[in-house]
Every structure is written in structure tokens, then in C-alpha cells.
Amino acid sequence: MSPVKVFGRAISTNVARVLVCLEEVGADYELVSVDFLAGEQNSPEHVERNPFGKVPALQDGELVLFESRAIAKYVLRKYRTSEVDLLRESSISEAAMVDMWTEVEAQQYYPALSPVVYECIIFPVMRGVPTDQKVVDESLEKLRKVLGVYEAHLTKNRFLAGDFISFADLSHFPFTFYFMATPYASLFESYPHVKAWWEGLMSRPSIKKISANMPTKF
Amino acid sequence: MAMKVFGQPMSTNVARVLVCLEEAGVKYEVVPVDFATAEHKSPEHTSRNPFGQVPALQDGDLVLFESRAISRYVLRKNSSELLKEGSLGDSARVDVWLEVESHHFDRPMAVIIYQCLVLPVYFGGKTDEKIVEENLETLRKTFRVYEDRLSRSTYLAGDFISLADLSHFPTAYYLLATPHAGMLDEFPRVKAWIDGMLARPAVIKVIEMMKASA
């Protein structure tokens with residue numbers, strides 16, 4: 001199979017979400033940079049791939065996809081083997097667990113955690129905009145509630161979808177990685193099973209490789 | 001044994017699941033969850049949905065939450081063509097537009113519905129027009145993308161209707177009930193696409209349930 005193309009930069013959270021999955025399945029891929037400083041994300045060429053002018057986009061032959069979680073699922077489906085099956089679609093109940101906790105990341109975890117990353121890192125670094133502490137504080141309060149649910153769940157389950165690692169776990173990586181570079185990383189200390197789960201994710205070869213291209217100091 | 005859906009049909013997330021059950025022709029029972037008495041925060045309900053939200057679904061021993069995950073489960077279990085799981089490319093396109101629905105449509109729409117319908121009617125509050133206007137602008141950007149997309153294919157994921165399209169219906173239905181329904185006139189293909197969905201028998205049936213539970 002010829003390499004798929006991923007459009008975006010390695011430091012981007014949503015690009016990293018896709019790259020980790022490509023690494024897990026051992027697929028050949030090529031990362032094609034999109035120059036945000038030059039406004040390339042809004043170029044007609046890129047908008048043709050991602051009509052919202054965002055990254056990532058993926059091109060596999062004639063197929064062009066956007067939305068990182070959709071791209072990731074495509075990659076994990078296409079390159080699935082008996083050893084690497086991160087969606088579990090041959091088992092309807094396991095697939096449901098994977099889908100459910102993938103949705104939890106998108107609908108509960110990400111809305112609570114990502115504003116802290118945006119306010120503490122992305123806005124100051126990329127736009128020179130100061131941190132809005134009110135947004136940070138409100139988000140941290142939401143995040144504590146979410147982490148409380150995760151702690152209870154991970155006390156009874158080794159991974160989110162059950163006793164097997166899945167895309168649901170991996171999908172948490174990019175934004176959590178940057179959260180750990182904010183002043184609020186120690187929040188996870190209050191949730192020991194969540195902390196252990198996170199450390200387990202960080203020890204995976206795919207995550208070590210992709211996070212090596214993501215800064216931790218700003 | 002019939003599947004059980006916990007929640008009221010008037011909730012967009014519950015309605016999303018109901019339309020999939022109807023489309024798949026599955027036997028089910030709706031078990032209401034009374035928000036007025038904080039039943040959604042009860043130990044019994046949070047054992048099904050630990051975030052204290054609706055819907056939850058019970059199918060035998062399996063208990064699920066998150067409406068888009070429940071929807072996929074229901075459709076997959078019944079080998080529904082609404083997921084296109086026989087085709088790598090088509091199923092990926094369904095996934096793409098389901099993500100778009102979640103991040104680019106539902107997000108601004110949830111604010112608009114809350115400000116225009118929920119806050120005044122259920123909490124006697126006043127609509128914040130500034131917040132509404134900001135979210136309408138976001139929604140317009142989304143609809144521009146949809147208008148273009150629907151000029152290239154009959155439905156979002158291709159020339160076939162899918163979960164990606166139907167996932168929009170409950171929220172789109174409520175958009176029509178706000179003072180801003182007229183914005184759809186700026187997007188004729190989007191308007192026709194919504195009207196088409198609202199004419200589906202499964203959707204009509206769920207709308208009746210939504211009205212009855214309001």
C-alpha cells in the first residue's frame with residue numbers, strides 16, 4: 001500500500017491524535033506541513049481537503065478525510081490486524097464500549113480540559129493573548145468532576161473500554177499531553193488510577209515517538 | 001426483550017437514539033427520567049450514565065450512554081445501511097460528517113436552543129442576544145460548508161442518507177422553533193435537506209414523541 005498523506009504539523013493536538021494511530025498500526029505515512037503563519041490552512045487547496053480550514057486532513061488515494069477522530073477510525077479500521085485491533089468492531093459489545101468512551105473524550109473530557117490548554121499555552125504562544133483565569137478556573141472545576149467519573153471507572157477497569165487498550169484511551173493523549181505542560185498538571189495527583197492510566201499511555205512506543213515532536217516548554 | 005431508553009424524547013440526545021431505533025425497526029421502551037426531581041442525578045440513573053445525563057440504553061446486560069455511541073450500537077446490531085460499514089470509504093465519510101455534526105453544528109446550536117427556548121420557557125430567564133448572535137455566526141460558517149457539500153452530493157456522506165444526516169434532525173427541528181429559523185433561507189440546499197429528513201416516517205414518529213413529552 002502506498003503511504004497515506006496527513007496534512008498538518010506534528011505539534012498540533014488533532015494531528016498528533018491521527019499520527020499516534022498510524023504508529024500503532026505501523027502504517028506508512030507522510031506528514032505534509034500546513035503553514036499557519038502564512039495562512040495556508042485557508043488556501044483553496046487546503047479548504048478543498050478540510051472545508052473548515054483546520055488540520056488534520058488525510059489523503060489516501062482518492063479518499064480525502066478531515067476531523068481527527070474520523071480519520072483515526074479510518075486508519076485503525078483499514079490497517080487492523082489480529083494483533084492491533086483498537087476499535088474491536090468484530091465484537092458488537094466491545095465496539096460499543098470503545099465508541100462510548102471515545103464519545104466521552106469528545107463530549108465530556110475535551111470540553112473540560114482543552115480550555116486550560118488553550119488559555120495557558122495556545123492563546124499566549126500563538127496569539128500573544130493573556131490567560132483568562134476565569135475560564136481556567138471554571139474549566140478546572142468541570143474537569144475535577146469528569147476526572148472523578150474516570151477515577152471510579154478506572155478503579156474497576158484497566159482501560160476505558162475494558163481490559164484492553166483501544167482508540168478511546170489513545171484519543172485522550174494529545175490534549176492531556178499539553179495539559180501536563182500547564183501549571184495545573186498536579187491535578188491528576190488526586191486521581192491515582194487516572195494518573196496510572198495516563199502514565200501507562202505515555203509509556204507506549206507510539207506515544208513516546210509522537211510526543212517527542214511536541215514541545216513541553218513554552 | 002425490548003431495549004430500554006432512559007430519558008425524555010424532547011431531549012435532542014434522546015431523540016437521536018429514538019430515530020435510530022425507529023429506522024432500524026427495533027422494539028424499544030422509553031423510560032422517562034424526571035429532571036424536575038433531579039432523577040438524572042440519582043444513584044440509580046448515574047449507575048447507567050455516570051455523567052448524570054440522558055440518554056442511557058439498556059440491552060440485556062449491556063448498558064450504554066453517549067447518544068452517538070448508542071446510535072451506532074443500535075444501527076450496527078441491526079446491520080443498518082445508515083453506517084455503511086461494508087465500505088471503508090463510505091463508513092469513513094459517515095464518521096467525518098458525524099464529527100462535523102458534533103463539533104461544528106451541535107456546539108453552537110446547543111447554545112442557541114438554550115438561550116432561545118430553554119432559558120425563557122423553563123427558567124423564566126432572558127435571552128442573551130449577544131451570545132445568540134455569536135453562535136449564529138458560527139452556525140452560518142457551518143451552513144456555508146454544508147451548502148457547498150450538498151451541492152456535490154445528495155446527503156452529507158455521499159448520495160446515501162446516513163447516521164451523519166439523521167444525527168442533525170432533533171437539533172434542526174428545534175432551530176425551526178427559534179426566532180432564527182429564517183436563516184435557513186440563506187442556505188436553500190440545507191433547508192431542503194432538513195425538510196427531506198423531517199418528512200421521513202421514522203422522524204415524523206419521533207417528533208410526535210418529542211411534542212408529547214415537552
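The values are calculated or read from the model by the stated rules, or taken from the named source; none is laboratory data. Quick caveat, the model's predicted, so the values are computed rather than measured. Virtual Cβ from ideal backbone geometry, glycine too; neighbours counted across all protein chains shown. Accessible surface is based on the protein model in full, side chains and every heavy atom, while ligands, DNA and RNA are left aside. Shrake-Rupley method; radii C 1.70, N 1.55, O 1.52, S 1.80 Å.
Would you check the accessible area of B:I131, probe 1.4 Å, heavy atoms only, in square angstrom rounded to 10?
Ignoring ligands and nucleic acids, B:I131 comes out at about 60 Å².
Going through region A:147-218, which trypsin sites (Lys or Arg not before Pro) have at most 16 other Cβ atoms within 10 Å and a DSSP loop state?
Here the trypsin sites (Lys or Arg not before Pro) that fit, given the DSSP loop and packing criteria, are A:R158, A:K217.
Using Cα-Cα distances under 8 Å and only pairs 6 or more residues apart, what relative contact order does chain A have, in percent?
22
Using θ = phi - 60° and the Karplus form 6.51 cos²θ - 1.76 cosθ + 1.60, what ³J(HN,Hα) does each residue of region A:31-43 get, whole Hz, x for Gly and Pro?
9, 10, 5, 10, 7, 5, 4, 8, x, 4, 5, 9, 5
Ranked by accessible surface with a 1.4 Å probe, highest first, in what order do A:S139, A:S203 come?
If we order A:S139, A:S203 from most to least accessible, we get A:S203, A:S139.
Calculate, for chain A, the solvent-accessible area per residue in square angstrom, rolling a 1.4 angstrom probe over the heavy atoms of the protein chains.
Using a 1.4 Å probe on heavy atoms only, each residue of chain A averages 44 Å².
What is the magnitude of the charge dipole of region A:4-78 about its Cα centre, with +1 placed on the Cβ of each Lys and Arg, -1 on the Cβ of each Asp and Glu, and no other charges, expressed in debye to the nearest 20?
The calculated dipole for region A:4-78 is roughly 320 debye.
For chain B, what % of the accessible area comes from carbon and sulfur atoms, probe 1.4 Å?
Carbon plus sulfur share of accessible area: 53 percent.
Grab every C-alpha pair in region A:4-78, bin the distances at 5 angstrom width from 0 up to the longest one, and report whole percents.
Computed distribution, short to long bins: 3, 18, 31, 27, 13, 6, 1.
Ignoring ligands, DNA and RNA, please state the percent of accessible area on region A:92-211 from carbon and sulfur, probe 1.4 Å.
55
In whole Hz and in residue order, list the ³J(HN,Hα) couplings for region B:20-27 that follow from phi through the Karplus curve 6.51 cos²θ - 1.76 cosθ + 1.60, θ = phi - 60°; x for Gly and Pro.
5, 4, 5, 4, 7, x, 8, 6
Return the calculated 222 nm mean residue ellipticity for chain A, to the nearest 500 deg cm²/dmol, obtained by summing -39500 (n - 2.57) across DSSP H runs with n ≥ 4 and dividing by the residue count.
Theoretical 222 nm ellipticity from helices: -14000 deg cm²/dmol.
Could you run the Karplus curve 6.51 cos²θ - 1.76 cosθ + 1.60 with θ = phi - 60° over region A:6-20 and give me ³J(HN,Hα) per residue in whole Hz, x for Gly and Pro?
After applying 6.51 cos²θ - 1.76 cosθ + 1.60, I find 10, 9, x, 10, 5, 7, 6, 4, 6, 5, 4, 4, 6, 4, 4 Hz.
Any chance you could check region A:32-73 for residues losing 10 Å² or more of accessible area when the partner protein chains are in, compared with the chain on its own (1.4 Å probe)?
A:E48, A:P51, A:F52, A:K54, A:L63, A:L65, A:F66, A:E67, A:R69, A:A70, A:K73
Which of the trypsin sites (Lys or Arg not before Pro) found in region B:125-214 are in a DSSP loop and have at most 11 neighbouring Cβ atoms, other than their own, within 10 Å?
Taking region B:125-214 and a limit of 11 other Cβ atoms within 10 Å, the loop trypsin sites (Lys or Arg not before Pro) found are B:K126.
Would you please name the trypsin sites (Lys or Arg not before Pro) within region B:1-65 that are DSSP coil residues with at most 12 other C-beta atoms within 10 Å of their C-beta?
B:K27
Full extension from A:K195 to A:A152: what is 0.36 nm times the residue separation minus their Cα-Cα distance, to one decimal in nm?
Difference between extended and current length: 14.2 nm.
If I take every Cα pair under 8 Å that is 6 or more residues apart in region A:93-187, average their sequence separation and divide by the length, what percent do I get for the relative contact order?
41
With just the Cα atoms of region B:1-84, tell me how far they stretch along each of the three principal axes, in Å, largest first.
Here the Cα extents, ordered largest to smallest, are 39, 26, 21 Å.
What does the average come to when, for each residue of peptide B:67-76, you count the partner chain Cβ atoms lying within 10 Å of its Cβ?
Mean partner-chain Cβ count within 10 Å for B:67-76: 5.
For region A:92-211, what are Rg and Dmax over the alpha carbons, in angstrom?
14.5, 47
Could you tell me the relative contact order of chain B? Use alpha-carbon pairs under 8 Å, at least six residues apart, and round to a whole percent.
Here the relative contact order equals 23 percent.
Express in whole angstrom the spacing between the alpha-carbon centres of region A:96-154 and region A:21-73.
24
In square angstrom, what is the accessible area per residue of chain B with a 1.4 angstrom probe?
42
Calculate what fraction, in whole %, of the accessible area of region A:4-78 sits on carbon and sulfur atoms when a 1.4 Å probe is rolled over the protein chains.
46
Quickly estimate the mean residue ellipticity at 222 nm for chain B, helices only: each DSSP H run with n ≥ 4 gives -39500 (n - 2.57), and the total goes over all residues, rounded to 500.
-15500 deg cm²/dmol
Report B:Y174's accessible area, 1.4 Å probe, all protein chains in place, as a number in Å² to the nearest 10.
40
Consider a paramagnetic label point 7 Å from the Cα of A:A27 along Cα→Cβ; state which residues of region A:42-56 have an amide N under 18 Å from it.
Within reach of a label on A:A27: A:49-50, A:55-56.
Need one number: the % of Cα-Cα pairs in chain A sitting beyond the 22 Å mark.
Of the Cα pairs, 52 percent sit more than 22 Å apart.
May I ask for the distance between the Cα centers of region B:38-95 and region B:99-170, given as a whole number of Å?
Their Cα centres are 21 Å away from one another.
Could you report the buried accessible area between B and A, both sides summed, computed with a 1.4 Å probe and given in Å² to the nearest 100?
3000
Sort the protein assembly as shown into rounded, prolate or oblate with this rule: let a ≥ b ≥ c be the square roots of the eigenvalues of the Cα gyration tensor; rounded if a/c is under 1.5, and if a/c is not under 1.5, prolate when a/b is larger than b/c, oblate otherwise.
It comes out rounded by the Cα gyration axes.
Ignoring GluC sites (Glu not before Pro) that are buried or in helix or strand per DSSP, and keeping those with at most 13 other beta carbon atoms within 10 Å, what is the longest stretch of chain A between them?
No qualifying site falls inside A:84-218, the longest such stretch.
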